[in-house]
Amino acid sequence: MSDLPALRQKIDSLDATLVNILNERARVSLDIGVAKRKDTQTDEKEEADVQVFRPGREQEIYKKLTRLNSGPLNDDSLQAIFREIMSASIALQKNVSIAYLGPPGTFSHQAAYKRLGDSVAYVPQKQIEGKVRAETYLPCIAIHKGLGQTQKWLSAHIPHAKRIPVKSTAEAAQKAALETGAAAVCSEICAELYGLDIVEANIEDLAANTTRFLLIGAASDSPSKDDHTLITFTVDHRQPGALCDGLKVFKDYGLNLFKIDSRPSGQRPWHYVFFVECSGHFENEDIKKALKDLEKFCLDIVVLGSFPNQRPE
Ligand SMILES: C=C(O[C@@H]1C=C(C(=O)O)C=C[C@H]1O)C(=O)O
């Protein structure tokens with residue numbers, strides 16, 4: 001007779017221990033939820049401002065897990081398990097819902113799910129204003145990014161395919177599933193979700209292509225050792241060198257710039273808002289001082305928020 005029954009008994013007893021420990025952890029997490037409310041809530045701030053999801057803390061936990069892990073579980077498996085433990089813990093602290101560009105299966109849905117796990121609610125939105133534009137072709141359907149990033153393959157293999165405008169790769173998959181002879185440029189998850197066969201995989205022009213998604217909430221996480229901050233500002237365009245003067249402030253305070261972008265301000269034609277992503281947290285002294293200096297050159301400044309740096313080293 002094999003050892004199977006005895007081994008199963010061992011697993012059952014370990015599971016019972018795990019359930020107890022997980023609930024002990026959950027109780028501490030509930031206390032943390034109470035502490036966060038105490039720290040956040042003032043007269044002006046309300047329940048909506050209580051930020052339970054703390055990416056900086058989670059990053060610390062993932063790092064600690066990797067240090068503690070001596071196997072046989074691999075780091076990815078352990079992280080996936082803890083993703084769900086922390087997801088459950090967030091849901092205990094507060095009802096969290098994440099809005100994403102629908103339909104289900106879009107990359108923004110996948111990105112949010114990867115960060116926040118199964119225990120929070122995901123709410124598809126028909127449109128994310130100003131952020132999504134699309135153009136696609138039949139029998140190939142895809143969002144413009146999907147098409148733009150697979151142009152070489154599409155031109156080489158289906159140059160005559162008509163392209164039909166849609167807002168997301170998930171919508172492309174949804175439509176392709178309803179249309180005989182149609183195909184979509186989409187993720188494997190969408191193929192599964194909408195019952196499509198994968199005709200060709202890895203058709204992107206650049207394998208290293210990545211898209212960054214931002215999780216936007218009412219409050220920022222507290223400072224970690226390695227944060228980035230997003231700031232928008234407008235300068236007086238009639239003043240030669242105003243942008244240059246503004247950007248020099250970041251240099252003066254040793255704040256590295258990772259991205260600078262401009263968008264029409266919407267106030268008047270040819271007037272732009274600059275978006276800057278710099279190192280540091282807005283609660284840090286150097287950023288506070290930099291912002292004070294920046295005021296000299298700007299018509300207005302908005303700090304959008306700070307977040308722990310997630311870029312791979
Ligand atoms: C428990 C906390 O809240 C959330 C849940 C976490 C967890 O379960 O470990 C970690 C960070 C937060 O996203 C916390 O802030 O410590």
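Could you tally the net charge around D252, taking each other residue with its Cβ under 11 Å from the Cβ of D252, Lys/Arg +1 and Asp/Glu -1?
0
Pairs from the list K64/K145; K64/K94; K167/K251; K167/K259; K63/K175; K36/K114 with a Cα-Cα gap above 32 Å: K64/K145; K167/K251; K63/K175. As a fraction of the 1.4 Å probe accessible area of the chain, surface on carbon and sulfur atoms comes out at 54 percent.
Charged neighbours of S279, selected by a Cβ distance under 10 Å, balance to -4 (K, R count +1; D, E count -1).
Summarising the amide proton neighbourhood of Y272: residues at separation of 5 or more, or on other chains, whose placed amide H is nearer than 5 Å comprise S265. Starting from the Cα gyration tensor of the chain, take the square roots of the eigenvalues, sort them a ≥ b ≥ c, and report rounded, prolate or oblate (rounded when a/c is under 1.5, otherwise prolate if a/b is larger than b/c, else oblate). Oblate is the answer for the chain, as a/c is 1.5 or above yet b/c matches or exceeds a/b. Amide H to amide H, with H built 1.01 Å from N, H228 comes under 5 Å of G280, F307, N309, counting only residues 5 or more places away or on other chains. If you restrict to DSSP beta bridges whose two residues both lie in the chain, what percentage is antiparallel, to the nearest 5? Roughly 70 percent of the DSSP beta bridges within the chain come out antiparallel. The residues of the chain have, on average, 65 Å² of accessible surface per residue, using a 1.4 Å probe with all protein chains present. Helices in the chain, meaning DSSP H runs of at least 4 residues, each add -39500 (n - 2.57). Divided by all residues, the mean residue ellipticity at 222 nm is -13000 deg cm²/dmol.
What is the magnitude of the charge dipole of the chain about its Cα centre, with +1 placed on the Cβ of each Lys and Arg, -1 on the Cβ of each Asp and Glu, and no other charges, expressed in debye to the nearest 20?
Once rounded to the nearest 20, the dipole reads 440 debye.
Restricting the stretch 244-313 to trypsin sites (Lys or Arg not before Pro) that sit in a DSSP loop and have at most 11 other Cβ atoms within 10 Å of their own Cβ leaves K296.
If R0 equals 22 Å, the separation of the Cβ atoms of V19 and S119 corresponds to a calculated FRET efficiency of about 0.85.
Rounded to whole numbers, the Karplus 3J(HN,Hα) couplings from phi for the stretch 209-219 are 4, 9, 10, 9, 10, 10, 9, 10, x, 7, 9 Hz, using 6.51 cos²θ - 1.76 cosθ + 1.60 with θ = phi - 60°, and x at Gly and Pro.
Does the stretch 223-308 come out rounded, prolate or oblate by the C-alpha gyration tensor, with a ≥ b ≥ c the root eigenvalues, rounded set by a/c under 1.5 and, if not, prolate when a/b is larger than b/c and oblate if not?
prolate
Gain on full extension, evaluated as 0.36 nm per residue between I198 and K152 minus their Cα-Cα distance, stands at 14.7 nm. Annotation for the stretch 145-179 versus the stretch 236-313: alpha-carbon center distance of 37 Å. Each Lys or Arg adds one and each Asp or Glu subtracts one; over the other residues with Cβ under 10 Å from the Cβ of A182, this totals +1.
The values are calculated or read from the model by the stated rules, or taken from the named source; none is laboratory data. Because the structure is predicted, anything quoted here is derived from the model rather than measured. Cβ: placed from backbone, ideal geometry, glycine included. Neighbour counts: every protein chain shown. For the accessible areas, the whole protein counts, side chains as well, though only heavy atoms, and no ligand, DNA or RNA atoms are used. Shrake-Rupley method; radii C 1.70, N 1.55, O 1.52, S 1.80 Å.
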